[in-house]
Amino acid sequence: MVKKEIIIIGAGASGLMAAGRYKNRDIALLEANAKPAQKIMISGGGKCNITNKKISPDHYLGEQGFIKQVLQEYGQHALLADFKKQGLDPVLRKENQYFCKNSASELVSVLMRACKDIPIFYNHKVHAIEKKKDFIITTDKGVFEAQKVVVATGGLSYPKIGASDIAFKIAEYFGHTIHRLNPALVGFTLQKEQFWMKELSGISLPVKIQIESKKIQDDLLFAHRGISGPAILNSSLYWKRGEIEIDFAPNTVLNETFFCHKKQISTALKLPKRFTKAFLDAIGLVDQPLFKLDTTEQKKLQRLKSYRFAPAGNFGYTKAEVTSGGIATDEIDVDTMMSQKCKGLYFLGECLDVTGELGGYNFQWAFSTAQRLTV
Ligand SMILES: Cc1cc2nc3c(=O)[nH]c(=O)nc-3n(C[C@H](O)[C@H](O)[C@H](O)COP(=O)(O)OP(=O)(O)OC[C@H]3O[C@@H](n4cnc5c(N)ncnc54)[C@H](O)[C@@H]3O)c2cc1C
């Protein structure tokens, strides 16, 4: 049996960063995959959106006090400065988002360099942990013993690259509360009445979405299975199975002057023609000069600014970027990331009940928790 002082489970974003910080201790990493950091490798279109200029708790779902404490010690500035020292200089794209310059492998190399002398047991999938005097960790390749265990195994999203429910099983076993888990940062599937949107696969539009009390302004992408794009992915964080409202033309005012136009509706709207045609069909309006619309027809067209409907569901964990919900943070010591239910057991990253918006917020969370770890 391999015995270590510290075992970190999961060689992903938070696990690798945490391991690097404790490289001078008697430490090992257990990883289910044959390679480290598979999510980093596929993230941000292969360039990994590492962090954001606007990191703050209000871009996260979860207990705000806990999030604030974790982020204030090690936010985007500290993270970028650390990476710069290690030779990684992320570039700013899309206004506020920091990405690797050429490839996500630049970030993985930096994290792996810091873990250079640490044994990493690849292809070791953890099945269970028990606590006797020390922790006994059972994997599909043998048993390990450690005085301290750090669980950094992420959430349920993208099972095809190694995601598992082990963090939640371990947490539950030791008496933790798990807040309801859901696929998040994910596209919506549609009910029959909105199937007209499926015909528009590939079209992208800037929209404004009202969901619960949240207003989101970004691009919507019509997809083969439903609707996606950044506006929808962010909406999925806040969706509670009710209606959402979409303004498909946030830059157009449908006022009296607009309705005096001699132009056809489809010309005046300056939206993709295929979209306008499908939308008009869906609301039962014929394309015609605007001034010819009567009051009832004008009212119908106003639905363009406030199209309300309830999505059928979402694309599920196979497509979701993250898992919302997770291990209740009021049972975790914010100064050390140690479980308040079991001494010597720690949780990092996405398995906690903290979920960030799209834009680098989730990697920042993973790295901030790794820096907070005190074992
Ligand atoms: C397609 C996609 C794109 C994304 N893009 C971005 C982005 O650009 N920016 C951003 O901020 N976030 C992004 N995310 C989210 C981000 O990847 C995660 O929030 C982040 O990786 C979580 O870090 P973590 O350390 O908690 O877990 P992970 O990075 O998921 O690491 C967990 C590790 O644990 C291992 N593991 C799991 N179960 C076991 C087990 N039973 N035994 C042993 N090992 C196990 C896994 O194989 C994995 O290596 C994206 C996610 C996806 C799926």
Worksheet item: In the stretch 107-132, how many residues are of a type outside the set (Val, Ile, Thr), assigned to a helix (DSSP H, G or I) and open to solvent by less than 50 Å² (accessible area, probe 1.4 Å)?
Response: 3
Fill in: Test: LYS343 is exposed (fewer than 15 other Cβ atoms within 10 Å of the Cβ) and over 30 Å from VAL286 (Cβ atoms)
yes
Practice prompt. Can you give me the ranges of the strands (runs of 3 or more DSSP E) entirely in the stretch 260-375 with at least 2 residues that are among the aromatic types (Phe, Trp, Tyr), away from the ligand (no atom under 12 Å from the Cβ) and not assigned by TED's automatic domain parsing to the domain that holds ILE137?
Written response: 307-309
Item to complete: Can you tell me which residue among ILE40, ILE50, ILE8 is buried (at least 20 other Cβ atoms within 10 Å of the Cβ), part of a strand (DSSP E or B) and within 15 Å of the chain's Cα centre (by Cα)?
Response: ILE50
Worksheet item: In this structure, is TYR74 in contact (Cβ under 8 Å) with a residue 40 or more places away in the chain, buried (at least 20 other Cβ atoms within 10 Å of the Cβ), within 21 Å of PHE367 (Cβ to Cβ) and among the hydroxyl-bearing types (Ser, Thr, Tyr)?
Response: no
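Could you tell me which of the residues ILE8, ILE40 is farther than 16 Å from GLN364 by Cβ, β-branched (Val, Ile, Thr) and touching a residue at least 60 places away in the same chain (Cβ under 8 Å)? Write out each step before concluding.
Details: ILE40 fails: farther than 16 Å from GLN364 by Cβ.
Answer to the check: ILE8.
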Worksheet item: Which of the residues that make up the stretch 77-93 are under 13 Å from CYS48 (Cα atoms) and open to solvent by 70 Å² or more (accessible area, probe 1.4 Å)?
Response: ASP89, LEU92, ARG93
Worksheet entry | Single match in GLN38, GLN76 (criterion: more than 10 Å from the ligand (Cβ to nearest atom) and polar (S, T, N, Q)) | GLN76
Practice prompt. Return only the number of the condition from (1) near the ligand (Cβ under 10 Å from one of its atoms); (2) of a type in the set (S, T, N, Q); (3) assigned to a loop (DSSP other than H, G, I, E, B) that ASN24 does not satisfy.
Written response: (1)
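The values are calculated or read from the model by the stated rules, or taken from the named source; none is laboratory data. Everything numeric here is computed off the predicted structure, so don't read it as measured data. Ideal geometry is used to build each Cβ from the backbone, glycine not excepted, and the neighbour counts take in all protein chains shown. The protein model used for the area step is the full one, side chains on, heavy atoms only, and it has no ligands, DNA or RNA in it. Shrake-Rupley method; radii C 1.70, N 1.55, O 1.52, S 1.80 Å.
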